[in-house]
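Asks: Okay, here's the structure, questions in a sec.
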Amino acid sequence: MTPDEIGAHLVSLLDQPAAASEAAQVTAQVTATVSGGGDRYARATVDVPADSWPAALAAARDDADLACDFFDWLSAVDELDDGFAIVAHLWSTRHRHGLLLRTRVPRERPELLSVVDVFPGADWHERETHEMFGVHFVGHPALTPLLLPPEFEGHPLRKEFVLAARVAKPWPGAKEPGEPAGGGGGARRAPMRPPGVPLPTEWGPQAARSAPDADPDGGTRPARAAGPDRGRPGGGTD
């Protein structure tokens with residue numbers, strides 16, 4: 001089957017609720033496109049509503065013509081105001097073709113039904129996506145930390161998350177196409193700040209050093225009393 005045929009076939013399955021493995025009715029439009037840079041890497045990409053997510057994966061697994069029995073990976077994409085796109089890639093070991101399934105969850109409440117019951121291999125993929133994007137997978141047996149320490153706060157792959165390394169380390173200047181590594185005429189470009197990252201003096205260790213008398217509670221620390229004169233024993237003066 002070609003990618004176009006794979007996508008069209010899954011859409012037809014989901015348009016017939018009785019044919020879905022979970023007998024779940026699709027309540028919103030299902031669409032199919034083809035992604036990839038060429039024939040070899042082209043993939044059918046099927047967008048489904050969030051409430052049909054497990055049924056769509058089960059249909060792709062159980063249908064004899066699709067037979068996508070291997071769960072490859074699952075992750076998310078931060079689409080800012082449009083929420084989070086959740087993407088899963090399935091592969092058929094029998095027919096040697098792949099399929100991308102995609103859905104979307106809102107940013108204000110990023111929740112999606114877990115597919116661990118459909119594909120047990122989705123377990124740690126959902127845990128990683130939960131950690132990195134803050135998407136909650138309803139019904140997952142244990143969304144415990146996978147990569148980050150338990151005390152870590154925030155979700156590093158959300159676009160609003162500030163990467164400390166980008167603030168603490170200089171960011172290289174942009175380079176025009178064809179420009180030598182050293183810059184035009186030997187002049188070095190000025191470092192540039194990555195989009196969305198605050199100035200080093202506004203966040204991070206440099207900000208703390210630039211305001212040594214700033215109190216963490218927003219006040220001003222009292223001036224430090226002068227220490228004894230260490231130039232002479234006892235610190236006294238004549």
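Asks: Report the percentage of all Cα-Cα pairs in the stretch 95-168 whose separation exceeds 15 Å, rounded to a whole percent.
Replies: So the portion of pairs separated by more than 15 Å is 62 percent.
Asks: As an exercise, use a Förster radius of 25 Å and the Cβ-Cβ distance of Asp72 and Asp51 to find the FRET efficiency, rounded to the nearest 0.05. It would help to have the intermediate numbers written out before the result.
Replies: Values: r = 23 Å, r/R0 = 0.93.
That pair, Asp72 with Asp51, gives E of 0.60.
Asks: Rounded to whole Å and sorted largest first, what semi-axes of the equivalent ellipsoid does the C-alpha gyration tensor of the stretch 73-132 yield via the square root of 5 times each eigenvalue? Let's see the in-between values first.
Replies: Working: eigenvalues 103, 36, 16 Å².
That gives 23, 14, 9 Å for the three semi-axes.
Asks: Calculate the spin-label point distance for Ser35 paired with Asp65, positioning each point 7 Å from the Cα along the beta-carbon direction, and give it in nanometres.
Replies: Going by the 7 Å Cα→Cβ label model, 2.3 nm.
Asks: Could you order the peptides 97-105, 131-139 from most to least packed, using the average number of other C-beta atoms within 10 Å per residue?
Replies: 97-105, 131-139
FYI, it's all coordinate maths here, none of it is from the lab. If you're wondering where the values come from, they're calculated on a predicted model, not measured in any experiment. Cβ sites come from the backbone with ideal geometry, for glycine too, and all protein chains shown count toward neighbours.
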